[in-house]
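Visitor: Okay, here's the structure, questions in a sec.
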Amino acid sequence: MDREVAEYYRGRRVLVTGGTGMIGVPLVEMLLAAGAKVRIASLDDASRAPANATFVRADLREFGQCLDVCRDIDAVFHLAGVKGSPKMAAERPASFLVPTVMFSFAMMEAARQRRVERFLFTSTVGVYAPAEVLREDDVWKTFPSPNDRFAGWAKRVCELQAEAYRIEYGWDGISIVRPANVYGPGDNFDPASAMVIPSLIRRAVDGENPLVVWGDGSAVRDFIHARDVARGMLLVVAKGVSEPVNLGSGQGTTIREVVEVIAAAAPSRPKIVWDTSKPTGDRKRLLDVARARSHGFEISIPIEEGIRSTLAWYIENGGAAGRRYNAFTDATLARSV
């Protein structure tokens, strides 16, 4: 972490919602290393929380609990969210939309009422319409992709909440980041709801051979390691950046390249079979990261290194991956009405 950025956090009281998650854990570790006093609010098992941080089990859909965790806090990093595959977004849209809006609105309002100095809202690449290059200022010219419409609109309306607070209350301490396709240790490896990298890692490590992959592998995506996302978040909050910032590599990686790295690193070295009867998805989706670079952000973990280290983590910690809170299987969120 940059010395100037680290100095901002020294002695500050920081709340990280979702601080036991894939991005939350490295973020908390970096904050602790900088000398911050860190409180975590999460529904995960407490064993996932980094040592030396205060863990609070909290359901942030409840406004009173949001007020409680925001007490005596200088800065909030709101990372709590619902993450799942496009299949889950299509089949379980309420499980994306409703909790996301509930706990995001409640957390930002609680932070405002507690007079928190700075607030980080974690948005998503899903706010964008399909395009080869995704630029921050283009969001409100279009609609989210039909594949992302529930999660995308949930995040968009929470971005509007931040704008509303700037207009009505003059609170300009809210930062918004839109990460690309994030991966890393601590990800969701549940085959029913995982994204492409963790899903492929689990299948390869569990011995699937041949490894059957949809499409032809030509689709290009922007991937970023969770530690780099955490670094970007720390940077924009420390600098008080109030305009939305894309956090990505800005570099295209084909799905074929991803699969080949995973297959080569897996113990079984599976054969890869491409099922071209299945859809490939959008041809290319990259984030424009010029704004992030203007604030001094660059990724530090190349995709090949990041995939190999994530796969190694899963081999060593596969059991721990199952102690992750899952919004699609937990009865409090998944029950029918």
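The values are calculated or read from the model by the stated rules, or taken from the named source; none is laboratory data. These figures come from a predicted structure and were not determined experimentally. Please note: Cβ atoms are built from the backbone with ideal geometry, for glycine as well, and neighbour counts cover all protein chains shown.
Visitor: Every residue in segment 31-69 that is part of a loop (DSSP other than H, G, I, E, B), under 23 Å from MET102 (Cα atoms) and within 21 Å of the chain's Cα centre (by Cα), please.
Guide: LEU43, ASP44, ASP45, ALA58, ASP59, LEU60, ARG61
Visitor: Can you tell me how many residues within segment 53-101 are touching an Asp or Glu at 6+ places or on another chain (Cβ under 8 Å) and either aromatic (Phe, Trp, Tyr) or at positive phi (or both)?
Guide: Total meeting the criteria: 1.
Visitor: In this structure, does ILE224 turn out to be surrounded by 23 or more Cβ atoms within 10 Å (Cβ to Cβ) and out of contact with any helix residue (DSSP H, G or I) (no Cβ under 8 Å at 6 or more places or on another chain)? It would help to see each step written out before you state the result.
Guide: Numbers: surrounded by 23 or more Cβ atoms within 10 Å (Cβ to Cβ): yes; out of contact with any helix residue (DSSP H, G or I) (no Cβ under 8 Å at 6 or more places or on another chain): yes.
Yes; evaluated as a whole, the condition is true for this residue.
Visitor: Go through segment 1-25 and report how many residues are surrounded by 23 or more Cβ atoms within 10 Å (Cβ to Cβ), closer than 23 Å to SER309 by Cβ and not small (Gly, Ala, Ser).
Guide: Residues meeting the conditions: 5.
Visitor: Just a yes or no: is a residue in segment 220-238 at pLDDT 95 or above and touching a His at 6+ places or on another chain (Cβ under 7 Å)?
Guide: So far as segment 220-238 goes, yes, one or more of its residues are at pLDDT 95 or above and touching a His at 6+ places or on another chain (Cβ under 7 Å).
Visitor: VAL258 - would you say it is outside any helix (DSSP H, G or I), at pLDDT 95 or above and surrounded by 14 or more Cβ atoms within 10 Å (Cβ to Cβ)? Even if it seems obvious, please write down each step before you answer.
Guide: Numbers: outside any helix (DSSP H, G or I): no; at pLDDT 95 or above: yes; surrounded by 14 or more Cβ atoms within 10 Å (Cβ to Cβ): yes.
Criteria not met by VAL258.
Visitor: Could you please let me know if ASN147 is polar (S, T, N, Q) and under 30 Å from SER47 (Cβ atoms)?
Guide: Details: polar (S, T, N, Q): yes; under 30 Å from SER47 (Cβ atoms): no.
Criteria not met by ASN147.
Visitor: Return the only residue of ALA194, ALA230 being outside any strand (DSSP E or B), surrounded by 21 or more Cβ atoms within 10 Å (Cβ to Cβ), in contact with a Pro (Cβ under 7 Å, 6 or more places away or on another chain) and in contact (Cβ under 8 Å) with a residue 24 or more places away in the chain.
Guide: Within the list ALA194, ALA230, the selection yields ALA230.
Visitor: May I pose another question? Restricting segment 240-255 to residues that are without any contact (Cβ under 8 Å) to a residue 60 or more places away in the chain and outside any strand (DSSP E or B), which is farthest from SER175 (Cα to Cα)? First the steps, then the outcome.
Guide: Just the residues of segment 240-255 that are without any contact (Cβ under 8 Å) to a residue 60 or more places away in the chain, to begin with: 250-255.
Of the ones still in play, those that are also outside any strand (DSSP E or B) are 250-252, 255.
On the way: GLY250: 20, GLN251: 24, GLY252: 26, ILE255: 31 Å.
It comes out as ILE255.
Visitor: Oh, and also: Would you be able to say whether some residue in segment 86-94 is surrounded by 15 or more Cβ atoms within 10 Å (Cβ to Cβ), aliphatic (A, V, I, L, M) and modelled with pLDDT of 95 or more?
Guide: no
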